[in-house]
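Values in this text are rule-based calculations from the coordinates and carry no lab data. Model, not experiment: these values are computed from the prediction. Heads up, the Cβs are rebuilt from the backbone with ideal geometry, glycines too, and the neighbour counts pull from every protein chain shown.
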Amino acid sequence: MSKTSLRKEFQINKDSTIIDIQNVKKYFKDVKAVDGVSLKVKKGELFSILGPNGAGKTTLVRILTTILTPTSGNAYIKGHSVKSEKSEIVRFIGVCPQEIVIYDILRAEENVEFVAHMHGISNKEAKEKANILLEKFGIAGRKTWSKNFSGGMKRRLNLVMALVFDPEILFLDEPTAGLDPQARRLVWDYIRELKNKDITIILMTHDMVEADSLSDRVAIIDRGKIIAQGTPTELKEKHGSDNVLEISFIEQIDLNIVKNSLGKIPFVTNSKEINKKGRKTLLISFKGGLKEFIHILQSGIINNIDEVENMKFRQNSLEDVFLNLTGKRLRD
Ligand SMILES: Nc1ncnc2c1ncn2[C@@H]1O[C@H](COP(=O)(O)OP(=O)(O)OP(=O)(O)O)[C@@H](O)[C@H]1O
Ligand SMILES: [Mg+2]
């Protein structure tokens with residue numbers, strides 16, 4: 001096969017659907033936990049499902065990982081039905097559940113090796129992999145039973161256990177919940193590494209920064225329904241708010257001149273004067289990137305940066321998207 005046709009084939013595979021969720025519902029009596037979800041995830045994608053507490057994320061993960069059977073609808077993982085081909089599916093998926101599942105009276109490496117053995121990995125390879133991963137997540141060399149680990153350490157161990165057999169598809173349900181900022185960054189960096197290895201990752205999160213910074217695409221879930229999906233940029237452009245720059249000036253400046261000039265810039269959507277502790281302050285709403293906007297301000301609107309006393313920037317975020325779509329905050 002020529003190099004070009006190889007590349008073409010890879011391209012086709014890369015674009016192909018690996019998870020196909022078709023109108024899945026899961027009702028617990030009168031609670032509609034998942035209420036008609038249809039989604040397609042492509043091979044090699046990092047696809048996040050972002051939603052508040054109780055939105056149905058964990059229920060959906062449990063269905064996709066064959067733990068729960070849907071009330072109606074079906075989902076196909078690599079063409080296998082989650083209802084009738086469970087034993088096929090569990091061979092190539094890794095799951096890091098929201099509720100930590102580790103064996104309390106095993107040490108960290110024993111927990112990891114145990115999972116590796118279940119997936120047919122040899123003793124030697126299991127030990128090597130366990131060491132590398134535990135080292136990476138900062139929990140290597142601990143000789144105590146896992147039950148004596150802190151919550152954050154247990155969560156990292158839980159993640160290592162999902163990763164040890166190099167799954168083709170990885171389900172992560174709130175993988176950074178309860179982690180300190182440093183450990184959270186470790187996990188994010190590793191997830192980015194996995195993306196480069198062409199692993200498909202489904203990430204359930206209520207953390208909009210996590211979803212925004214890691215995902216190729218995001219679906220927003222609320223009360224069991226997908227209410228929007230797209231790349232983070234698409235979602236913010238379509239459903240978000242404008243970026244806002246707040247600038248406080250020193251006394252001498254004439255704000256009317258600044259406001260007039262701003263009015264001539266097409267992507268400035270609003271500029272209004274506000275009272276901020278007696279300082280002359282402008283709130284400028286605009287579309288597009290901050291860097292480009294600052295360049296424009298510096299070329300003719302704010303000629304002397306010494307006239308600026310303070311600047312604050314609030315970026316359009318997935319939180320705005322959720323707020324605009326539902327009228328409530330992600331953390332309400
Ligand atoms: N086994 C169950 N029996 C009854 N109700 C359930 C069951 N599991 C989930 N639910 C309900 O289904 C809804 C969705 O729960 P789910 O755990 O899927 O939400 P979630 O998005 O994962 O929330 P969180 O962010 O808090 O983890 C909730 O109202 C929950 O109480
Ligand atoms: Mg959950």
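Taking the Cα centre of the chain as the origin, how large is its charge dipole in debye, to the nearest 20, when only Lys and Arg (+1) and Asp and Glu (-1) carry charge on their Cβ atoms? Let's see the in-between values first.
Values: 52 positive and 43 negative charges, 104 e Å.
In debye, rounded to 20, the chain gives about 500.
Averaging sequence separations of C-alpha pairs under 8 Å and six or more residues apart, then dividing by the length of segment 238-332, give the relative contact order as a whole percent.
RCO, segment 238-332: 42 percent.
Viscosity 0.890 mPa s, temperature 25 °C: give me the Stokes-Einstein translational D for segment 211-279 in µm²/s, with Rh taken as the Kirkwood radius over C-alpha pairs. Walk me through the intermediate numbers first.
Values: Rh = 15.5 Å.
Reported coefficient: 158 µm²/s.
Taking springs between alpha-carbon atoms closer than 10 angstrom, which of 87, 38, 299 fluctuates most in the Gaussian network model of the chain?
Highest fluctuation among the options: 299.
Please list, in order along segment 159-167, the HN-Hα scalar couplings obtained from phi with the Karplus expression 6.51 cos²θ - 1.76 cosθ + 1.60 (θ = phi - 60°), rounded to whole Hz, x for Gly and Pro.
6, 4, 5, 6, 9, 5, 9, 6, x
Taking every DSSP beta bridge that has both residues in the chain, what percent is antiparallel when rounded to the nearest 5?
70
Could you list 17, 144, 176 in order of exposure, starting from the residue whose Cβ has the fewest other Cβ atoms within 10 Å?
Working: 17 14, 144 10, 176 23.
Ordered by Cβ neighbours within 10 Å, fewest first: 144, 17, 176.
Arranged from highest to lowest average of other beta-carbon atoms within 10 Å per residue, in what order do the peptides 56-62, 311-317 appear?
Answer by packing, highest mean first, reads 56-62, 311-317.
Rg(Cα) of segment 242-315 divided by 2.2 N^0.38 Å?
0.99
Just want the ordering: 267, 47, from fewest to most Cβ atoms lying within 10 Å of their own Cβ.
267, 47
Taking the Cβ of residue 85 as the center, what net charge do the other residues with Cβ under 12 Å away carry, scoring Lys and Arg +1 and Asp and Glu -1?
So the surrounding residues net to +3.
Can you order the peptides 97-105, 68-76, 273-281 by their average number of other Cβ atoms within 10 Å per residue, highest first? Display every interim value, and only then the final one.
Working: 97-105: 14.2, 68-76: 17.3, 273-281: 12.7.
Per-residue Cβ counts within 10 Å, averaged per peptide and sorted highest first, yield 68-76, 97-105, 273-281.
Just report the Cα centroid separation between segment 208-273 and segment 120-191, whole Å.
36
Once you've got the Cα coordinates, tell me which of 136/225; 57/236; 136/195 are over 28 Å apart. If you can, show how the numbers build up before the last one.
Numbers: 136/225 36 Å; 57/236 21 Å; 136/195 16 Å.
Beyond 28 Å: 136/225.
Is it possible to state the helix-based mean residue ellipticity at 222 nm for the chain, with each DSSP H run of 4+ residues giving -39500 (n - 2.57), the sum divided by total residues, to the nearest 500 deg cm²/dmol? What is it? Kindly include the intermediate steps, with their values, before the conclusion.
Numbers: 12 runs with 122 residues, N = 332.
About -11000 deg cm²/dmol.
Relative contact order for the chain using alpha-carbon pairs under 8 Å, separation at least 6, rounded to a whole percent?
Averaging sequence separation for qualifying contacts and normalising by length gives 19 percent for the chain.
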